[in-house]
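A short worksheet on the structure shown next.
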Amino acid sequence: GENVEQHPSTLSVQEGDSAVIKCTYSDSASNYFPWYKQELGKGPQLIIDIRSNVGEKKDQRIAVTLNKTAKHFSLHITETQPEDSAVYFCAASNGNFGNEKLTFGTGTRLTIIP
Amino acid sequence: NAGVTQTPKFRILKIGQSMTLQCAQDMNHNYMYWYRQDPGMGLKLIYYSVGAGITDKGEVPNGYNVSRSTTEDFPLRLELAAPSQTSVYFCASSRPGYEQYFGPGTRLTVT
């Protein structure tokens, strides 16, 4: 089955700096790669996703890049703000429609230092 | 819309007891999922359903059962609770090809 590795497990950055979280996946058939943000005591919430036919996607301060050859994808957050502090999870899926069976990474706890 | 709702929020079970975790969604999503999240770990898929009457196993189905009699509801049943089932359980739903929406979770402790 699919295996997703995520690094780093914890990350602290100064407010205003950029944060980068990286994930690798094992199944070359995976075609959908979402990123979720989980705040304390809440369920994960999708912040951005990318499909295998796209190399990069951006939404305001958040961007995701995908390298299918190397089987890795990354989350980039620019101009970080205190409200970006949370746990971030990457995931991968090779379901028929792209999202039935997500395999998650182990998470990155991001702390923004004011 | 309430989105995805889960009950209860917290529960303590004794070893060997049974319980049902409830999940409901009001977005008319065909797909529903159950995950568990252990401390410091990512979410692992227990079961999922692509429509009423259809369920399938995920990565960690042992010790759990599900049913899907309606589009809205997807209960998760623990028959003989074990300490290894202590975890936070999340239900999610989606339309085919679109993002999964998660509920707030149920924190279960088995002692």
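The values are calculated or read from the model by the stated rules, or taken from the named source; none is laboratory data. Everything quoted here is computed from the prediction, not taken from an experiment. Note that each Cβ is placed from the backbone with ideal geometry, even for glycine, and that neighbours are counted across all protein chains shown. Protein only, heavy atoms only, side chains kept; ligands, DNA and RNA dropped before computing areas. Shrake-Rupley method; radii C 1.70, N 1.55, O 1.52, S 1.80 Å.
The table for this structure:
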{"item": "Interface B:A - total buried accessible surface [probe 1.4 Å, Å², rounded to 100]", "result": "1600 Å²"}
{"item": "Dipole of the protein assembly as shown, positive end: most advanced residue of B:Cys23, B:Gln100, A:His72 [Cβ charges, Cα centre]", "result": "B:Cys23"}
{"item": "Distance histogram for segment A:51-114 (every C-alpha pair counted, 10 angstrom bins, percent rounded to whole numbers)", "result": "18, 45, 31, 6, 0"}
{"item": "Residues whose placed amide H lies under 5 Å from that of B:Gly97, excluding near-sequence neighbours", "result": "A:Asn99"}
{"item": "Equivalent ellipsoid semi-axes - Cα gyration tensor, segment A:38-82, angstrom", "result": "22, 14, 9"}
{"item": "Rounded Å value of the spacing that divides the Cα centres of segment B:40-111 and segment A:66-91", "result": "26 Å"}
{"item": "Per-selection Rg to Rh, chain A - Cα, Kirkwood hydrodynamic radius", "result": "0.96"}
{"item": "Evaluated at q = 0.11 Å⁻¹: base-10 log I(q)/I(0), Debye formula over Cα of chain B", "result": "-0.30"}
{"item": "Segment B:59-107: projected area of the alpha-carbon convex hull, averaged over directions, in nm²", "result": "4.3 nm²"}
{"item": "Entries of A:Lys22/A:Lys68; A:Lys37/B:Lys14; A:Lys68/B:Lys57; A:Lys101/B:Lys14; A:Lys42/A:Lys71; A:Lys22/A:Lys42 with Cα pairs more than 25 Å apart", "result": "A:Lys37/B:Lys14; A:Lys68/B:Lys57; A:Lys101/B:Lys14; A:Lys42/A:Lys71"}
{"item": "Dipole magnitude of segment A:1-56 about its Cα centre (Cβ charges: Lys, Arg +1; Asp, Glu -1), debye to nearest 20", "result": "100 debye"}
{"item": "Cβ charges +1 (Lys, Arg) and -1 (Asp, Glu), total dipole of chain A, debye", "result": "260 debye"}
{"item": "Computed E for A:Gln81/B:Asn28 - FRET, C-beta separation, R0 41 angstrom, nearest 0.05", "result": "0.75"}
{"item": "DSSP loop trypsin sites (Lys or Arg not before Pro) with at most 15 other Cβ within 10 Å excluded, longest remaining stretch of chain B", "result": "B:15-111"}
{"item": "Heavy-atom accessible surface of chain B: percent carbon and sulfur, 1.4 Å", "result": "51 percent"}
{"item": "Scattering curve values for the protein assembly as shown, log₁₀ I(q)/I(0), Debye with Cα scatterers, q = 0.12, 0.13, 0.16 Å⁻¹", "result": "-0.64, -0.75, -1.10"}
